[in-house]
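Report on the following structure.
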Amino acid sequence: MFTWKPQMMDGPLYDVEDLADTGIDKEFDSRAEAEEWVTQNYELLEELGVEAVSLYEGEELLYKMALAAE
């Protein structure tokens with residue numbers, strides 16, 4: 001299973017529990033499904049204070065990705 005874990009921006013925006021309605025805690029059957037989901041939702045996540053997301057396969061970190069262009 002593939003999952004995303006968010007890294008929140010500093011400041012008084014939202015916390016991880018506030019993200020439940022976005023589906024950030026969903027488990028995906030494939031890496032492609034997980035990547036498609038984040039592609040469709042990255043703007044919303046950024047608006048809610050997510051700075052970066054990390055993709056995991058089980059307990060293994062595959063990669064971390066910033067949501068905002070620097």
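Relative to the longest principal Cα axis of the chain, at what angle does helix 31-47 sit, 0 to 90 degrees, rounded to 10?
So the inclination is approximately 0 degrees.
Which of rounded, prolate, oblate describes the chain, given a ≥ b ≥ c as roots of the alpha-carbon gyration tensor eigenvalues and a/c under 1.5 marking rounded, otherwise prolate only if a/b is larger than b/c?
It is prolate, given that a/c is not under 1.5 and a/b is the larger ratio.
What does the net charge come to around S30 if you take all other residues with beta carbon closer than 13 Å to its beta carbon, with K and R at +1 and D and E at -1?
-4
Per residue, how large is the accessible surface of the chain? Use a 1.4 angstrom probe and give square angstrom.
Result: 67 Å² per residue.
Please give, to one decimal in nm, the separation of the simple spin-label points placed at E27 and Q40, each 7 Å out from Cα toward the Cβ.
2.0
Applying a 10 Å radius around every beta-carbon, put 43-49, 18-24 in order of their mean neighbour count, most first.
Put in order of decreasing packing, that is 43-49, 18-24.
The values are calculated or read from the model by the stated rules, or taken from the named source; none is laboratory data. The structure displayed is predicted, hence computed values, not measured ones. A quick note on method: Cβ atoms are made from the backbone with ideal geometry, for glycine too, and the neighbour counts reach across all protein chains shown. Calculation scope for accessible area: heavy atoms of the full protein, side chains included, ligands and nucleic acids excluded. Shrake-Rupley method; radii C 1.70, N 1.55, O 1.52, S 1.80 Å.
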